[in-house]
1. If Ile26 satisfies all but one of (1) at pLDDT 95 or above; (2) assigned to a strand (DSSP E or B), what's the number of the condition it fails?
2. State whether one or more residues within region 45-54 are assigned to a helix (DSSP H, G or I), open to solvent by 40 Å² or more (accessible area, probe 1.4 Å) and modelled with pLDDT of 85 or more.
Amino acid sequence: MLRTLNSYFNFAQIALDNTLLNNYEIGCSIFDEHAHRSIGLFFAVPVRLMVADRQFHRAAQILAYAKALP
């Protein structure tokens, strides 16, 4: 089962976080990307970064640590 790790309105940020998690061998998927683009209201439909239940806590710790760095 997949859980939402974070929601984004910025494609650059979700791409960076996705790459970071992939470097740590955490499989993740981007959901709602097409709805976000096709509606044209980028601020209305967030894109979700999904990870497996068993990797959720590790992925959250990695992203929290990365955002805490200067």
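The values are calculated or read from the model by the stated rules, or taken from the named source; none is laboratory data. Only a predicted model underlies this, so the values are computations on that prediction, with no experimental measurement involved. These accessible areas exclude ligands, DNA and RNA; they are computed on the full protein's heavy atoms, side chains included. Shrake-Rupley method; radii C 1.70, N 1.55, O 1.52, S 1.80 Å.
1. The one condition Ile26 does not meet is (2).
2. Looking through region 45-54, at least one residue is assigned to a helix (DSSP H, G or I), open to solvent by 40 Å² or more (accessible area, probe 1.4 Å) and modelled with pLDDT of 85 or more.
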